[in-house]
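Asks: To start, I am sharing the structure in question, which I have written as structure tokens.
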């Protein structure tokens, strides 16, 4: 074989190796990687939740695919929920419940679902006083 032909074949082989390498790097994760990843189940949020330090309750009746929650809040009487949402946050489920009522102008719960303990835990921002508290809600069954 002539020297120019060997050089051209070597260059073609190098280009093919580079293209195959780039395709390998940019491929989608394999199924084994996906099966090892956490699966987010938004329906775990549905239920009755009681704050562990008081008689305050969150009732989540539905977790919608668009990230919204159908939720009610009781202290112990009903308090208007301005908006309630869920999202994935670092492989976990986080909810945000904003209250809009007398004495609750944008008071907000930002809670993470902890599946190993089956609780909602996080912060409650009390807007009237401008204070933030750590809170937990445990699931409870209604008789």
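The values are calculated or read from the model by the stated rules, or taken from the named source; none is laboratory data. None of the values given here were measured: they were computed from a predicted structure. So basically every Cβ, Gly included, is an ideal-geometry build from the backbone, and we count neighbours across all protein chains shown.
Asks: Starting from residues that are in contact with a strand residue (DSSP E or B) (Cβ under 6 Å, 6 or more places away or on another chain) and modelled with pLDDT of 95 or more, keep the ones in the range 128-143 and report whichever is surrounded by the most Cβ atoms within 10 Å (Cβ to Cβ).
Replies: Ranking the qualifying residues of the range 128-143, first place goes to 137.
Asks: Working only within the range 47-67, note down all residues that are part of a loop (DSSP other than H, G, I, E, B) and more than 17 Å from the chain's Cα centre (by Cα).
Replies: Residues of the range 47-67 part of a loop (DSSP other than H, G, I, E, B): 52-56, 64-67.
The answer is 52, 53, 54, 55, 56.
Asks: Let me ask something else about it. Considering 135, 128, which residue is assigned to a loop (DSSP other than H, G, I, E, B) and under 19 Å from residue 54 (Cα atoms)?
Replies: Checking each option against the conditions leaves just 128.
Asks: Looking only at the range 51-80, filter to residues that are in contact (Cβ under 8 Å) with a residue 24 or more places away in the chain and surrounded by fewer than 16 Cβ atoms within 10 Å (Cβ to Cβ); which one of those is nearest to residue 136 (Cα to Cα)?
Replies: Out of the qualifying residues, it is 52.
Asks: If I filter the range 93-104 for residues that are at pLDDT below 95 and assigned to a loop (DSSP other than H, G, I, E, B), do I get at least one hit?
Replies: yes
Asks: When only residues in the range 20-45 that are closer than 20 Å to residue 120 by Cα and surrounded by fewer than 16 Cβ atoms within 10 Å (Cβ to Cβ) count, which is modelled with the lowest pLDDT?
Replies: Once the filter is applied, the top-ranked residue is 38.
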